[in-house]
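One structure is given here, and the rest of the page talks about it.
The values are calculated or read from the model by the stated rules, or taken from the named source; none is laboratory data. Since this is a predicted model, take the numbers as computed values, not measurements. Cβ atoms come from the backbone with ideal geometry, glycine included; neighbour counts cover every protein chain shown.
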Amino acid sequence: MKRRLSALLLAALLTAVTLAGCAKDDGKAQDAPDTEPAPAAEPAETTPSAPEPAVIVDDDTALITNGVSVSWDTFTYFANYFARSIMENGSVTTKDQLAPYADQILITCQRTCTSFGALELAAIEKLPGTAVSQNEVDTLWQSILSQYGTEEEAQKTLAENHMTEDVYKSILYYNTLSDKLFEAMYGARGEKLSDEAVAEQTASDGYMMAKHILLVTTETGEDGTQTDMSDEDKAAVREKLEGIAAQLQGLEGKELEAKFDELMLANTEDPGVQTNPGGYLFQNGDMVAEFQSATEALEEYGLSDIVATSYGYHLILRIPIDYDAIPSAYSMYQYYGYEPYRLSLRYLVAQSQFQSVIDGWVDTADVIYSDKMDDLDILSIIDID
């Protein structure tokens, strides 16, 4: 088994075509975001001109997009990257089993490599001032080397992942360029995308947001097993929650929420309140059925009756959606090193919209393929142990 790349090294390889990640997308290509981008910076005197048309005249070039060449080494890296991604779900364990996915891998590789020239042209023609300097790439490269102690160790890791230093630096360059384009259009955290734009794109996704006070009705034994409380103890728990609910009667809106927060922090037995003090942003299937149904029945700032689930008794307050909150389906990724803002609903929607913009640029790009692409067996360049 070949060693995994470090988190920093891997993060730099998330190219424009894969930036949207698991964010939902309406599948429509766009020419511009739903929010007005900030005025582009005035181009410097050294701003490069659009790439010149080109033809493939050497065996090292896989394709040329808008005059930007991509090597076979780069293409081979992505073939292996996407093949490994397919195998990570566990249903494919050998190279032969990748055969049904061959066309998918080929097309994904082609579009990923095509995105480089598409991004380059967009940076020149649509958002001048977003160019990436060689100094920026060199600085990032040095930060990668520092993770390995020696350059020899870094080069060894690159080789184990079907990469060369040149391939890595090329991907690093276009990943940085993509980040700059995204920031110019949407803001570094997606902050240029309005609440209204996020609401419009997620209108059919069924998002709800709620806070709750949970009093558990189970007991944990010394061996860690959970058992139900006696009916008598459950009744006492319910009575306590009824007393809490009584303190909220007659309150509305923000006043209700403020008092609810006070009582929640003082009484809830949900350990998740520490990481979700602003409430849970969730969709159908993210919560137990009773919790979801009770929330659906509420208007914003509506307070539920006591709701019983397998966890215990809940008092639920439905609140307006905070578009900078992390959807429950994505919260686990915080433990994999993702910065919280990169998991917010606003950022995910911004990335989804940006993906659609890139797709449009790729679809209209001027692409020349190597003759070898015509009869390429994509599996022949995949090296899977």
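Does at least one position in the stretch 113-127 carry a residue that is farther than 24 Å from Ala62 by Cα and either touching a Phe, Trp or Tyr at 6+ places or on another chain (Cβ under 8 Å) or of a type in the set (Lys, Arg) (or both)? Lay out the reasoning, then the answer.
Here is the first cut: in the stretch 113-127, the ones farther than 24 Å from Ala62 by Cα are 125-127.
When the remaining residues are screened for being either touching a Phe, Trp or Tyr at 6+ places or on another chain (Cβ under 8 Å) or of a type in the set (Lys, Arg) (or both), the result is 126.
There is at least one residue in the stretch 113-127 that is farther than 24 Å from Ala62 by Cα and either touching a Phe, Trp or Tyr at 6+ places or on another chain (Cβ under 8 Å) or of a type in the set (Lys, Arg) (or both).
Taking the stretch 145-176 as the region of interest, how many residues are within 14 Å of Asp73 (Cβ to Cβ) and part of a loop (DSSP other than H, G, I, E, B)?
4
Assuming Glu299 fulfils every condition listed in (1) of a type in the set (D, E, K, R); (2) closer than 12 Å to Met209 by Cα; (3) in contact with a Leu (Cβ under 8 Å, 6 or more places away or on another chain) apart from one, which condition is it?
Exception for Glu299: condition (3).
So which strands (runs of 3 or more DSSP E) stay within the stretch 194-260 end to end and still have 1 or more residues that are modelled with pLDDT of 95 or more and among the β-branched types (Val, Ile, Thr)?
Where strands (runs of 3 or more DSSP E) fall fully within the stretch 194-260 and carry at least 1 residues being modelled with pLDDT of 95 or more and among the β-branched types (Val, Ile, Thr), they are 208-216.
Specify which of the listed residues (Ser310, Ser293) is more than 30 Å from Thr112 (Cα to Cα) and modelled with pLDDT under 95.
Numbers: Ser293 fails: modelled with pLDDT under 95.
Residue meeting the stated conditions: Ser310.
With respect to Ile124, determine if the residue is at pLDDT below 95, among the aliphatic types (A, V, I, L, M), more than 24 Å from Asp375 (Cβ to Cβ) and over 25 Å from the mean Cα position of the chain (by Cα). Spell out how you get there, then give the answer.
On the way: at pLDDT below 95: yes; among the aliphatic types (A, V, I, L, M): yes; more than 24 Å from Asp375 (Cβ to Cβ): yes; over 25 Å from the mean Cα position of the chain (by Cα): yes.
So Ile124 fits the description; yes.
Go through (1) crowded, with 18+ Cβ neighbours inside 10 Å; (2) assigned by TED's automatic domain parsing to the domain that holds Ile358; (3) part of a helix (DSSP H, G or I); (4) not small (Gly, Ala, Ser) and name the single condition Thr130 misses.
(3)
For the stretch 253-264, state whether one or more residues are crowded, with 20+ Cβ neighbours inside 10 Å and under 19 Å from Ala203 (Cβ atoms).
Scanning the stretch 253-264 turns up no residue that is crowded, with 20+ Cβ neighbours inside 10 Å and under 19 Å from Ala203 (Cβ atoms).
Looking only at the stretch 264-280, which residues are over 30 Å from the mean Cα position of the chain (by Cα) and hydroxyl-bearing (Ser, Thr, Tyr)?
Residue satisfying the conditions is Thr268 alone.
Considering only the stretch 92-123, state which residues are of a type in the set (D, E, K, R) and either touching a strand residue (DSSP E or B) at 6+ places or on another chain (Cβ under 7 Å) or part of a helix (DSSP H, G or I) (or both). Walk me through it before giving the result.
Step one: list which residues in the stretch 92-123 are of a type in the set (D, E, K, R), which gives 95-96, 103, 111, 120.
Matches in the stretch 92-123: Asp96, Asp103, Arg111, Glu120.
I'd like the full set of residues that are closer than 14 Å to Gln283 by Cβ, among the hydrophobic types (A, V, I, L, M, F, W, C), crowded, with 18+ Cβ neighbours inside 10 Å and out of contact with any strand residue (DSSP E or B) (no Cβ under 7 Å at 6 or more places or on another chain), limited to the stretch 327-348. Even if it seems obvious, please write down each step before you answer.
Keep residues of the stretch 327-348 that are closer than 14 Å to Gln283 by Cβ, which gives 327-331, 345, 348.
Subsequent filtering for residues that are among the hydrophobic types (A, V, I, L, M, F, W, C) retains 329, 345, 348.
From the residues that got through so far, the ones that are crowded, with 18+ Cβ neighbours inside 10 Å too are 345, 348.
The answer is Leu348, and nothing else.
Give me the pairs, please: first residue somewhere in the stretch 90-109 and free of Cβ contacts under 8 Å to residues at least 40 places away in the same chain, second residue anywhere and of a type in the set (Ser, Thr, Tyr) and assigned to a helix (DSSP H, G or I), beta-carbon distance under 8 Å, and either six or more positions apart or on two chains.
Pairs that qualify, where the first residue is free of Cβ contacts under 8 Å to residues at least 40 places away in the same chain and the partner is of a type in the set (Ser, Thr, Tyr) and assigned to a helix (DSSP H, G or I), are Val92/Tyr101.
All but one of (1) among the acidic types (Asp, Glu); (2) under 18 Å from Lys211 (Cα atoms); (3) surrounded by 21 or more Cβ atoms within 10 Å (Cβ to Cβ) hold for Asp359; state the number of the condition that does not hold.
Among (1) among the acidic types (Asp, Glu); (2) under 18 Å from Lys211 (Cα atoms); (3) surrounded by 21 or more Cβ atoms within 10 Å (Cβ to Cβ), the lone unmet condition for Asp359 is (2).
Which residues, taken from the stretch 362-375, are over 31 Å from the mean Cα position of the chain (by Cα) and crowded, with 18+ Cβ neighbours inside 10 Å?
Ser370
Specify which of the listed residues (Asn175, Asn161, Asn135) is in the same structural domain as Ala83 (by TED's automatic domain parsing) and surrounded by fewer than 19 Cβ atoms within 10 Å (Cβ to Cβ). Explain how you work it out, then say what you get.
On the way: Asn175 fails: surrounded by fewer than 19 Cβ atoms within 10 Å (Cβ to Cβ); Asn161 fails: surrounded by fewer than 19 Cβ atoms within 10 Å (Cβ to Cβ).
Among Asn175, Asn161, Asn135, only Asn135 is in the same structural domain as Ala83 (by TED's automatic domain parsing) and surrounded by fewer than 19 Cβ atoms within 10 Å (Cβ to Cβ).
Rundown of residues vs (1) closer than 19 Å to Tyr173 by Cα; (2) buried (at least 17 other Cβ atoms within 10 Å of the Cβ); (3) not β-branched (Val, Ile, Thr), yes/no style:
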position: Thr61; (1), (2), (3): yes, yes, no
position: Asn66; (1), (2), (3): yes, yes, yes
position: Val70; (1), (2), (3): yes, yes, no
position: Asn80; (1), (2), (3): no, yes, yes
position: Ser91; (1), (2), (3): no, no, yes
position: Thr94; (1), (2), (3): no, no, no
position: Gln97; (1), (2), (3): no, no, yes
position: Pro100; (1), (2), (3): no, no, yes
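Here is a list: Tyr186, Tyr168. Which entry is crowded, with 20+ Cβ neighbours inside 10 Å and either in contact with a Ser or Thr (Cβ under 6 Å, 6 or more places away or on another chain) or more than 30 Å from Tyr323 (Cβ to Cβ) (or both)?
None of the other options fit; the residue is Tyr168.
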